[in-house]
1. Which FRET efficiency, nearest 0.05, do Glu181 and Asn17 yield, Cβ-Cβ r, R0 41 Å?
2. Mind listing the long-range amide H neighbours of Met31? Cut-off is under 5 Å, sequence gap 5 or more, other chains count too, H placed in the peptide plane at 1.01 Å from N.
3. Mind checking the log10 I(q)/I(0) for the chain at q = 0.07, 0.11 Å⁻¹? Debye, one equal scatterer per Cα, no solvent, two decimals.
4. Assuming R0 = 25 Å, can you tell me the calculated FRET efficiency for the pair Ile227 and Leu69, based on Cβ-Cβ distance, to the nearest 0.05?
5. Over what distance in Å are the Cα centres of the stretch 172-216 and the stretch 55-114 separated?
6. Rounded to the nearest 5, what % of DSSP beta bridges with both residues in the chain are antiparallel?
7. Read phi for every residue in the stretch 262-273 and hand back ³J(HN,Hα) as whole Hz from Karplus 6.51 cos²θ - 1.76 cosθ + 1.60, θ = phi - 60°, with x for Gly and Pro.
8. How do the peptides 242-252, 13-23, 180-190 rank, highest first, by the average count of neighbouring beta carbon atoms within 10 Å per residue?
Amino acid sequence: MIILKSTIELNNWFIENLNGLEENLGFVPTMGALHMGHASLIERAARECEIVVVSILVNPTQFNEKADLQSYPRTLENDVIVAEKAGGTILFTPTPEDIYGGTPSAEKVDYGPITSAFEGLSRQGHFDGVVSVVDKLFMAVRPNRAYFGTKDLQQVAVVERMSNERHPKIQIVSCKLIRDENGLALSSRNTRLSDTGIILAQNISQELQSVVDRVKDGLDVNDSVEIAKKKLKNLKGLELEYISGVNYKTFSISTENHGRSHIIIAASVEGIRLIDNIEL
Ligand code: PAF
């Protein structure tokens, strides 16, 4: 695997090696601490593209809490192994200053509920940072396709909107959420949970599944969500932030059942914020 540590190194490599392959370049942006969820994105990109660039950049502008940024896991040695095994061609590891062309800062973005509701509300400024960094990474990598996991369902909607406006030629490929054998959605943050925390966190996906099962049995979505809300609020050690039915394209809470495509949730266990979702 080729490791390129700056935009200059990436550009030079492209000039010397692309020779037409730029027509088939896949991109998997990450913040490192790669797990099987990332590996599945890289594997898919490798199946569909000649060249796969995987970036690792812990983007400071998308963290609204300094402590969260500082404690974000950094596991470069293992990341190289995961990315290579999954079929990545290039591991691109620029510094924030390199990508931002100076001190990192993010412009304000307003795409309506997709940037202001749920994750946008809980993590003020988060999507400003995501939009800024993905936009800049797209300019540096210039991919044909970019792969994003649907664990971050709202992020996919935000990136699609940004990309439609600023990079209409890039195809955004949204990929399946990957769970562990107990149903916990894979996340780099999971490594910070204790064994007890992991067991408690499993309630998140279990309750999502129960919401869907009750809806399949004919219960109204809101009523089904309310049952899960009550159960989760009673769990000691788990702090529920939100659980709601939404439409995955608009992130508005439609009052009509057919408008909702997913149930989304955010909760903290042992101070670790976890998000998950399930299709209705
Ligand atoms: O999903 C992530 O890991 C990040 O938000 C992303 C898309 C790499 C931007 O920093």
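The values are calculated or read from the model by the stated rules, or taken from the named source; none is laboratory data. These numbers were taken from a predicted model, which means no experiment stands behind them. Cβ coordinates were reconstructed from backbone atoms using ideal geometry, including for glycine residues, and neighbour counts include every protein chain displayed. Each accessible area value is taken on the protein alone, full model and side chains, heavy atoms only, with ligands, DNA and RNA left out. Shrake-Rupley method; radii C 1.70, N 1.55, O 1.52, S 1.80 Å.
1. About 0.55, to the nearest 0.05.
2. Result for Met31 returns Leu57.
3. The Debye formula, applied to the Cα set alone, gives -0.26, -0.64.
4. Details: r = 36 Å, r/R0 = 1.44.
Step by step, r from the Cβ atoms, then E = 0.10.
5. Result: 23 Å between the Cα centres.
6. Numbers: 17 of 36 bridges.
The answer is about 45 percent antiparallel.
7. 9, 10, 10, 8, 9, 8, 10, 10, 6, x, 9, 7
8. On the way: 242-252: 18.8, 13-23: 12.0, 180-190: 17.0.
In descending order of packing, they fall as 242-252, 180-190, 13-23.
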